[in-house]
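Coordinate-derived values only; no laboratory data. As the structure is a prediction and not an experimental result, all values here were calculated from the model. Note: ideal-geometry Cβ built from the backbone for every residue, glycine included; neighbour counts use all protein chains shown.
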Amino acid sequence: MYPLPMIVKIEGPAKLSGTIDVYGSKNAALPLIAACLLTQDEVILHNMPAISDIARVQEIFESIGVTTKREGGTITINADRIDEKNIAQGLVGHLRGSILLLGALLGRKHAVSLKRPGGDVIGARPINAHLDAFRQLGAVIHDDGDMIHIDGAAMRAGHVVLREFSVTATENVLLAAATLEGTTTISIAATEPHVIALCELLEKMGAKVAGAGTHTISITGSKILHGAVYTNIQDMLEAGFFILLGAASKSEITVRNVPVQDLLLFFKVCDEIGIDYTISGADVIVRPADLRAFTVQALPYPGIATDLQAPFAVVACVATGNSMIHDPLYEGRFKHIEELQKMGALAVVCDPHRVVLTGPVSLAGRRIPSHDLRSGATLVIAGLIAAGTTIIDQAELIDRGYADLVGRLQQLGARISKEEQ
């Protein structure tokens, strides 16, 4: 079932207060779920956020005969039998995370036919790195532009050199190699915490992994993997989002369950901006402060994630001076800037990868669209600091990565609501 079109309505400006919890990582949840296809045994995953991307993956799994059950933050998956020929290709085509089914089904069935995955429109997101990696392991691939057919019968453990630091390509190779006898080494591997989480689950299932968290990962597979229980990591992207929300709205809020060690460069930039925060264990207390202009660049981990650069734009609107945001990873990640300009932001998009914003400015509420998951959430922050009413169309996109965002913001005192469009 596709998400219903939704709008979010915000009355601003808002002065927020209280405590908000960070939930389980979206970007870790999807590869963890994909790994469940590698075994006939039951796998139990804790701390899984109630987001629409996970619900879509569950629907895809059910279309191929895999049983899934959610109870609170726990999802139980049993892939005892898989009928991959009945896969819901329509859902696959609308969900970028479904690309992980390539590696998972190769690992389990040694063959896969999958519609090209969809997802957010944030620029070119080719899957050449994935297909090239599978070829290096011996896969035979036919790609007609719409469907991808991969025959993995001749795949063998070996050495894969990725074309780039691709998180999902790293995860796909891990999934495909987890059932290959022998050791596969991945060079130019991504180091993100969600890659480490997948490695930890695969080890619990019976594979042997070395080098997780470095750019060279080795995995020794096993023909038969077994069930496991795993607790998902906290979402560093959600944590950073809430901290920037507090800073932009000049509110005092406590963000709980923050994976502080995953955000070291993020906190350094917060210091340069003048954000007033205190770290106490896994809690971060944010307080009102006068903010300075800054420069921030999105980089692969341990740099600042591309998914976090958008909310920095709203912070730039209330900071004094000219701020530069640079995202070299994708050329379509500034769609929210046009909407911020409608609200009164002084912004110049220099090229597809750089934008300069001048502050402080006063934003005014407008009716604006959400272009993708992260830009939509960013516009929620803008609506909270803007004067008047802001209505965000296509707000169902926000539910792809933030569980009950509206409800949690209401608990902080935000005048915000969500309804069908």
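Pairs on different chains or at least eight residues apart, Cα atoms closer than 21 Å: how many lysine pairs in the range 26-231 fit?
The number of close lysine pairs in the range 26-231 is 10.
Where both residues lie in the range 26-231, what percent of DSSP beta bridges are antiparallel, nearest 5?
Counting only bridges with both partners in the range 26-231, antiparallel ones make up about 75 percent.
Among the complete DSSP H segments of the chain, which ones combine at least 20 Å of alpha-carbon extent along their axis with a mean Kyte-Doolittle hydropathy of 1.0 or more?
Sorted by number, the helices that extend far enough and score high enough are 306-318.
What is the Rg over Rh value, at two decimals, for the range 26-231, using alpha-carbon atoms and the Kirkwood definition of Rh?
0.92
For Rg and Dmax of the Cα atoms in Å, which listed value, [x] 21.3, 62; [y] 24.6, 77; [z] 29.5, 92, comes from the coordinates shown?
Computed from these coordinates, Rg and Dmax of the Cα atoms in Å corresponds to label [x].
Could you work out the local net charge near G138, counting Lys and Arg as +1, Asp and Glu as -1, over the other residues with Cβ closer than 11 Å to its Cβ?
+1
Can you pull the one-decimal nm distance between simple spin-label points at Q411 and D276, each 7 Å off the Cα toward Cβ?
Each label point is offset 7 Å from its Cα along the Cβ direction, giving 2.5 nm.
Explain nothing, just compute: Karplus ³J(HN,Hα) = 6.51 cos²θ - 1.76 cosθ + 1.60, θ = phi - 60°, for every residue of the range 253-258 in order, whole Hz, x for Gly and Pro.
The phi angles translate into 9, 10, 9, 9, 6, 7 Hz.
Compute the signed sum of charges (Lys and Arg +1, Asp and Glu -1) over the other residues within less than 9 Å, Cβ to Cβ, of Q421.
Summing Lys and Arg as +1 and Asp and Glu as -1 gives -4.
Given a Förster radius of 60 Å and the C-beta distance between A153 and C350 as r, what FRET efficiency does 1/(1 + (r/R0)^6) yield to the nearest 0.05?
In this case the efficiency is close to 0.75.
Can you say what percent of the DSSP beta bridges in the chain, counting only those with both residues inside, are antiparallel? Round to 5.
Here the antiparallel bridges make up roughly 70 percent for the chain.
Before rounding to the nearest 500, sum -39500 (n - 2.57) across all DSSP H runs of length at least 4 in the chain and divide by the residue total; then give [θ] at 222 nm in deg cm²/dmol.
Mean residue ellipticity at 222 nm (helix-derived): -9500 deg cm²/dmol.
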